[in-house]
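Note sheet for the following structure.
The values are calculated or read from the model by the stated rules, or taken from the named source; none is laboratory data. Since this is a predicted model, take the numbers as computed values, not measurements. All Cβ positions, even for glycine, are placed from backbone atoms using ideal geometry, and neighbour counts span all protein chains on display.
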Amino acid sequence: MRPVPEGQTELPRVPRLDSTQLLFRDETKTTASKVSARLTAATSHSHIFSIRDPPHLTWEDISRDTFLSLYVVGLSHTFDTLPALLTNSPPSGHLHISLGAASLAFMSFHLNRPDLLLLLLLLLLLASRQYVAAIRSIRSALSSNNNNSSNLHHKPNNDDEVIQSALLLLDLYEKIANRHEHQSASWLSHARGALHLVRDRANTDFSNPTTCQLANTAAAALMRSCGIAGIPVPPSLLSLREDLNSYVRDAKWSFTGLVVGIVNLRAYMQGQPPSGGAAACASVVLRRAKILDEHMALVEKRLQRSWRATKTFTTAYNPLIFGRYYDVYPSHHATQVTNAVRMMRLELNSIIRHVDGDEEVAIESLTGEVIRELTRHLCAGVPQFLLVIGGEGGTSLPVCTLPPLQRLHCCTMLTPLYLSFCLTEDSYMKEWILQILVYMAEHGVKLASDVSQCRIGSLIRPRIRARAWATSRWYT
């Protein structure tokens with residue numbers, strides 16, 4: 001043993017370790033049990049629940065909360081009256097059951113991923129069970145209401161509004177769960193039921209804001225369903241619109257009235273009544289389409305100034321922007337209404353362009369310019385939902401992951417993109433649209449890949465048109 005030099009302290013001797021003491025051991029379970037014991041001791045003297053016992057949430061609970069927060073509150077204006085009606089409805093009543101069916105179907109759409117196939121099937125199975133239960137509950141409620149309506153002094157009450165809302169939720173369920181074209185007839189059933197509920201009630205008080213809004217929503221739902229199915233709107237819808245004329249007067253109301261004319265024009269072109277299967281007269285189609293487009297152009301000009309978009313120009317190339325600018329609207333609702341007007345104009349000008357007439361050359365030139373302008377407007381409204389807008393000068397940066405509400409916003413842009421692809425003659429625009437659809441699909445918008453697969457075809461063909469209207473089920 002060497003002597004310790006003067007001025008230094010001798011280090012303590014370390015005992016020799018044997019081979020078992022040199023082994024590395026997994027202490028994870030031991031550590032976890034110690035932490036758990038400490039947490040239990042810490043919470044035993046308080047009212048805080050242990051983190052080992054989180055509240056149990058079923059898929060019904062998760063789906064309902066997701067649907068209410070993302071769709072009812074975050075996206076749509078269709079169910080503005082729903083929260084108040086839910087508050088005053090029993091948890092086991094038909095409104096809550098119908099909400100469960102729509103919520104579970106919505107959740108299956110929201111989680112539309114190949115790696116979650118079993119979960120999606122489970123959600124759809126649960127949704128179908130809720131759907132059947134809701135139908136039975138509504139049927140019982142309608143039977144009870146019909147017995148009460150035999151009283152001459154019976155007036156519509158809150159039960160009627162609850163049943164209407166339940167039927168509209170089931171209508172949404174049908175449009176989400178039954179996405180195929182051959183099932184489009186089923187999309188009519190609940191919208192018709194909600195409309196008949198309004199029409200069959202004597203002394204309906206449309207001055208009541210809730211009643212008026214529900215009636216308006218039922219009419220709009222049936223109108224969209226007729227457009228998807230390619231059939232004319234029923235006389236009862238036209239009669240209801242006449243009754244509502246004194247209570248609803250705005251640009252959107254004028255727009256939906258023109259859409260009724262477009263739906264009936266489509267049905268006429270397909271040989272639906274009143275043509276009785278006969279071939280549509282080209283001159284009649286041309287005249288009606290031009291009149292509707294003139295009125296729709298006026299509606300576009302009269303949209304609220306507060307809804308107008310702000311052009312944002314870019315200094316550098318960005319693959320998510322078509323050209324050198326994009327439009328930023330003050331709200332998603334403003335984007336939706338403006339896009340809806342322009343899409344209807346697109347379809348009308350497509351009809352005008354494809355109908356033979358004496359003015360074919362002049363029509364082709366005029367409609368071609370209108371279509372170019374409308375498709376550019378529609379494409380310019382897409383990037384606002386794909387970019388993070390911030391920084392000095394409105395710097396635009398691509399995002400890596402689209403949040404849930406932003407994915408829904410992208411879903412509402414699929415119809416404008418699809419129609420623009422079908423009608424534009426600009427090859428660069430077509431290429432850009434396909435690129436955007438791929439980008440959306442890669443970032444969680446599964447429906448974008450479905451739309452890109454049916455992109456080839458003429459809008460005049462009923463099947464293509466039905467697909468375009470089917471993608472519009474998220475329209476508010």
Filter pass, residue 312 being of a type in the set (S, T, N, Q), within 23 Å of the chain's Cα centre (by Cα) and buried (at least 17 other Cβ atoms within 10 Å of the Cβ): no
Among all residue pairs at least 6 apart or on different chains, which show Cβ distances below 8 Å where the first residue, located in the stretch 287-298, is under 18 Å from residue 369 (Cβ atoms) and the second is among the aliphatic types (A, V, I, L, M) and outside any helix (DSSP H, G or I)? 289/355
For the stretch 425-452, name all the residues that are surrounded by fewer than 16 Cβ atoms within 10 Å (Cβ to Cβ) and not charged (D, E, K, R). 427, 428, 434, 435, 438, 449
Of the residues that make up the stretch 237-251, is at least one surrounded by fewer than 20 Cβ atoms within 10 Å (Cβ to Cβ), more than 28 Å from residue 301 (Cα to Cα) and at pLDDT below 85? no
Index of the failed condition, residue 216 passing every other in (1) polar (S, T, N, Q); (2) modelled with pLDDT under 80; (3) under 23 Å from residue 76 (Cβ atoms): (2)
Any pair with Cβ under 7 angstrom, 6 or more apart, that starts in the stretch 403-426 at a residue that is farther than 23 Å from residue 369 by Cα and ends at one that is among the hydroxyl-bearing types (Ser, Thr, Tyr): 412/475
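Can residue 230 be described as among the small types (Gly, Ala, Ser), modelled with pLDDT of 90 or more and touching a helix residue (DSSP H, G or I) at 6+ places or on another chain (Cβ under 6 Å)?
So residue 230 does not fit the description; no.
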Against the definition (more than 23 Å from residue 85 (Cβ to Cβ) and either modelled with pLDDT of 75 or more or surrounded by fewer than 21 Cβ atoms within 10 Å (Cβ to Cβ) (or both)), how does residue 203 come out, yes or no? no
Residue 98 is checked against (1) touching a residue at least 60 places away in the same chain (Cβ under 8 Å); (2) assigned to a helix (DSSP H, G or I); (3) farther than 16 Å from residue 171 by Cα and fails just one. What number does that condition carry? (3)
Condition check for residue 127: within 26 Å of residue 209 (Cβ to Cβ), in a helix (DSSP H, G or I) and modelled with pLDDT of 85 or more: no
Residue that is over 19 Å from residue 345 (Cα atoms), of a type in the set (Gly, Ala, Ser) and not in a loop (DSSP other than H, G, I, E, B), where the choices are 239, 207: 239
Given the conditions (1) surrounded by 13 or more Cβ atoms within 10 Å (Cβ to Cβ); (2) in contact (Cβ under 8 Å) with a residue 60 or more places away in the chain, and given that residue 319 satisfies all but one, which numbered condition is not satisfied? (1)
Might you let me know whether the stretch 382-398 holds any residue that is assigned by TED's automatic domain parsing to the domain that holds residue 334, surrounded by fewer than 17 Cβ atoms within 10 Å (Cβ to Cβ) and at pLDDT 70 or above? no
Residue 324: under 23 Å from the mean Cα position of the chain (by Cα) and either modelled with pLDDT of 90 or more or surrounded by fewer than 20 Cβ atoms within 10 Å (Cβ to Cβ) (or both), yes or no? no
If you go through the stretch 405-424 one residue at a time, how many are buried (at least 24 other Cβ atoms within 10 Å of the Cβ) and among the polar types (S, T, N, Q)? 1
If you go through the stretch 291-304 one residue at a time, do you hit one that is part of a loop (DSSP other than H, G, I, E, B) and not charged (D, E, K, R)? yes
